[in-house]
Amino acid sequence: MKVLVVNDDGPESFALAPLVEALRGRHDVFVSVPSQQRSGTGHGFSFLAPLEVRRATIAGAPGVLVTGLPADAVKFAICGGAPWKPDVVLAGINPGENAGVCAPYSGTVACAREAAMFGIPALALSSMGMDKAHYRAIADWAARLLESGLPPHRRGVFWSVNFPLARPTDWGEVKVCHGSTSMFRDVYRPAGPNLWQLEGTKDPQAIEPGSDDDWLSKGHPTMVAHRADPTDHEYLQGLDWIPPRSIRTGET
């Protein structure tokens, strides 16, 4: 397969090489990543100024370093920066989970969403465990997934995959589930004159049973299907409401 590997952490991420190395002996791999750390930047992109792009060998695979945001790296590769159109885009491995309400903030998830907007199958891979054992296990899982066949997908749908803090040898079966809506308990702490540092944790008591946050806490990897189109079609179908008419300029 032609596999585009992307991330939001840049080329220095310790979690990038295990994924690339697990894939490049079995597939055609191209790597496109931001030139520096861009975690938590969500799905922004650059258009007010040109991108600087440098060709590079990254973890033994050909690739590019893009000055910009994570979605820029994906967009550039798909729009001609890579030597081919990818069959699949793998984003990650992200050090830190992107389950539940983390997903909209995540540059890693934005990479997968960007690919899905182009109609390309994509998975975002994120891990609560942040050591070599976790990264190697996730990379091996991703390689086996590609060999066994991609998960079901339709245009505009992508998968956010999260792995628990538990040791890989203790992982339970992978759970296909819904994302948690449990919001962070956010607090801004003083960090100096006119400086405030955000700190936040998820409330374990507010996590819905059967959600990705719930299964992760029990040692199970999780897979959640996301839509690039954020429209709530189900809600619209049952909506009985008419908005005010627009007012044309000059009307009295």
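The values are calculated or read from the model by the stated rules, or taken from the named source; none is laboratory data. Remember, predicted model here, so these are calculated numbers, not experimental data. Neighbour counts run over all protein chains shown; Cβ positions are idealised from the backbone, glycine included.
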Report summary line: Subset of the range 19-34, residues surrounded by 21 or more Cβ atoms within 10 Å (Cβ to Cβ) and farther than 21 Å from A110 by Cα, comes to A22, L23
Report summary line: Those residues of the range 1-32 which are charged (D, E, K, R) and assigned to a strand (DSSP E or B) amount to K2, D28
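Yes or no: V174 touching a strand residue (DSSP E or B) at 6+ places or on another chain (Cβ under 9 Å) and either exposed (fewer than 14 other Cβ atoms within 10 Å of the Cβ) or in contact (Cβ under 8 Å) with a residue 60 or more places away in the chain (or both)?
It is false that V174 is touching a strand residue (DSSP E or B) at 6+ places or on another chain (Cβ under 9 Å) and either exposed (fewer than 14 other Cβ atoms within 10 Å of the Cβ) or in contact (Cβ under 8 Å) with a residue 60 or more places away in the chain (or both).
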Query raised in the report: Which residue, of R185, R167, is touching a Ser or Thr at 6+ places or on another chain (Cβ under 9 Å) and either charged (D, E, K, R) or farther than 30 Å from D229 by Cβ (or both)?
Result: R185
Report summary line: Pairs returned, first residue in the range 227-243 that is closer than 24 Å to A103 by Cβ and in a loop (DSSP other than H, G, I, E, B), second residue that is among the small types (G, A, S) and modelled with pLDDT of 90 or more, beta-carbon separation under 6 angstrom, 6 or more apart or interchain, are A228/A116; A228/G156; D229/G156
Report summary line: Counting only residues that are in contact with a strand residue (DSSP E or B) (Cβ under 8 Å, 6 or more places away or on another chain) and at pLDDT below 90, the range 203-252 contains a total of 1
Requested in this report: Name the one entry in G200, G179, G210, G172 that is touching a Phe, Trp or Tyr at 6+ places or on another chain (Cβ under 6 Å) and within 30 Å of A133 (Cβ to Cβ).
Outcome: G200
Query raised in the report: Just checking, which of S217, S180, S127, S160 is over 30 Å from F76 (Cβ atoms), hydroxyl-bearing (S, T, Y) and buried (at least 20 other Cβ atoms within 10 Å of the Cβ)?
Result: S180
Query raised in the report: Picking from G119, G149, G200, which residue would you name as being surrounded by fewer than 18 Cβ atoms within 10 Å (Cβ to Cβ), touching a Lys or Arg at 6+ places or on another chain (Cβ under 7 Å) and either at positive phi or of a type in the set (F, W, Y) (or both)?
Result: G119
Requested in this report: Say whether the condition of being more than 10 Å from the chain's Cα centre (by Cα), surrounded by fewer than 22 Cβ atoms within 10 Å (Cβ to Cβ), in a strand (DSSP E or B) and polar (S, T, N, Q) is met by at least one residue in the range 44-63.
Outcome: yes
Query raised in the report: Would you call G200 under 21 Å from the mean Cα position of the chain (by Cα), modelled with pLDDT under 95, under 24 Å from H43 (Cβ atoms) and not β-branched (V, I, T)?
Result: yes
Requested in this report: Keeping to the range 97-119, report how many residues are hydrophobic (A, V, I, L, M, F, W, C) and free of Cβ contacts under 8 Å to residues at least 60 places away in the same chain.
Outcome: 2
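So, of the residues in the range 84-110 that are of a type in the set (A, V, I, L, M, F, W, C) and more than 19 Å from L145 (Cα to Cα), which turns out to be surrounded by the most Cβ atoms within 10 Å (Cβ to Cβ)?
A99
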